[in-house]
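Working notes, structure below.
The values are calculated or read from the model by the stated rules, or taken from the named source; none is laboratory data. Computed from a prediction, not measured in an experiment: that's the story for all the values here. Cβ placement follows ideal geometry from the backbone for every residue including glycine, while neighbour counts extend to all protein chains displayed.
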Amino acid sequence: MKIHKVICMLTLSTLLVSGCTSYKKVPYLQDPEVVNNYGKEIPLYDAKIMPKDILNITVNTTDPQAAAPFNLTVQDPTNVAFGKYTTTQPSLQQYLVNNEGNIDFPVLGCLKVSGLTKNQAEELIREKLIPYLKETPVVTVRMVNYKISVLGEVNKPGTFTVTNEKVNVLEALAMAGDMTVYGVRDNVKLVREDAHGKRQIQTLNLNDADLVLSPYFYLQQNDILYVTPNKTKARNSDIGNSTTIWISATSILVSIASLLVTVFK
């Protein structure tokens with residue numbers, strides 16, 4: 001009877017300790033008061049144009065003919081009637097930012113846009129166009145290939161296109177179906193490449209509410225988010241996992257037996 005009680009107490013204690021420890025590693029953004037009581041103003045995020053970005057640029061005025069030279073179109077082939085006929089549909093010319101951060105814009109020529117936000121690029125083009133037009137044009141710049149990738153311990157890994165050019169870490173995880181139960185919340189890797197080709201790997205702790213204040217909270221185009229697996233997943237995927245489990249179980253049983261012998265001596 002005494003042995004039964006001791007075993008029950010040991011089991012219950014182990015479950016309670018492991019349960020509390022495991023739960024602390026699960027919730028995102030713990031201790032939110034740190035963020036809510038943050039005294040400084042957090043600037044709004046605005047993505048910056050980088051080399052290899054593809055831009056859509058439109059110029060609009062009250063006179064469409066005057067703006068036409070700045071809105072070049074290309075003919076895209078379109079299959080009709082199950083591929084029996086091919087027609088062409090005009091679409092707006094897109095501009096690839098080269099490795100030097102420049103685009104070749106009609107009439108204006110070479111423009112340096114890398115490092116600029118969307119609004120700054122629009123202002124630059126608008127100022128350059130004023131000598132060619134009778135009125136101040138409306139210029140719109142959009143990033144076509146703003147993409148991020150999420151892989152590792154998530155339910156739906158993949159590459160995702162962000163249409164509004166703004167996405168944070170939690171939104172990216174939501175796109176990927178959130179983490180699996182095997183994902184390590186405090187060891188998420190962010191792989192980022194800057195405009196000069198320099199790469200860095202940043203570790204993010206999603207348990208910590210301070211993440212919201214981090215410069216890595218919002219993802220840049222082409223960022224890669226990798227959710228590392230926990231030890232349980234690593235053991236399950238190991239070829240020799242059965243041997244490891246038996247060794248661990250045997251060690252636990254030996255420890256319990258030794259404890260019982262000590263108690264009842």
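For the stretch 75-107, the tally of residues that are over 16 Å from ASN56 (Cβ atoms) and either surrounded by 12 or more Cβ atoms within 10 Å (Cβ to Cβ) or at pLDDT 85 or above (or both) stands at 6. For the stretch 217-234, a residue qualifies if it is of a type outside the set (A, V, I, L, M), under 15 Å from LEU190 (Cβ atoms) and surrounded by 17 or more Cβ atoms within 10 Å (Cβ to Cβ), and the qualifying residues are TYR218, GLN220, GLN221, ASN222, ASP223, TYR226, THR228. Residues ILE130, ILE125, ILE103: which one is outside any loop (DSSP other than H, G, I, E, B), under 30 Å from PHE70 (Cα atoms), in contact with a Phe, Trp or Tyr (Cβ under 6 Å, 6 or more places away or on another chain) and of a type in the set (Val, Ile, Thr)? Sole residue among the options that is outside any loop (DSSP other than H, G, I, E, B), under 30 Å from PHE70 (Cα atoms), in contact with a Phe, Trp or Tyr (Cβ under 6 Å, 6 or more places away or on another chain) and of a type in the set (Val, Ile, Thr): ILE103.
Taking the condition assigned to a strand (DSSP E or B) and either modelled with pLDDT of 90 or more or not β-branched (Val, Ile, Thr) (or both), does LEU12 pass?
Details: assigned to a strand (DSSP E or B): no; either modelled with pLDDT of 90 or more or not β-branched (Val, Ile, Thr) (or both): yes.
Judged against the criteria, LEU12 is not a match.
Scanning the stretch 138-152 for residues that are crowded, with 19+ Cβ neighbours inside 10 Å and either assigned to a loop (DSSP other than H, G, I, E, B) or out of contact with any strand residue (DSSP E or B) (no Cβ under 9 Å at 6 or more places or on another chain) (or both) yields a single hit, TYR146. Taking the stretch 28-72 as the range and being within 29 Å of ALA209 (Cβ to Cβ), in a loop (DSSP other than H, G, I, E, B) and touching a strand residue (DSSP E or B) at 6+ places or on another chain (Cβ under 8 Å) as the test, the residues that pass are TYR28, LEU29, ASP31, TYR45, ASP46, ALA47.
Considered as a group, the residues in the stretch 177-192 that are without any contact (Cβ under 8 Å) to a residue 40 or more places away in the chain and within 13 Å of the chain's Cα centre (by Cα) include one that is nearest to VAL26 (Cα to Cα), and that residue is ASP178.
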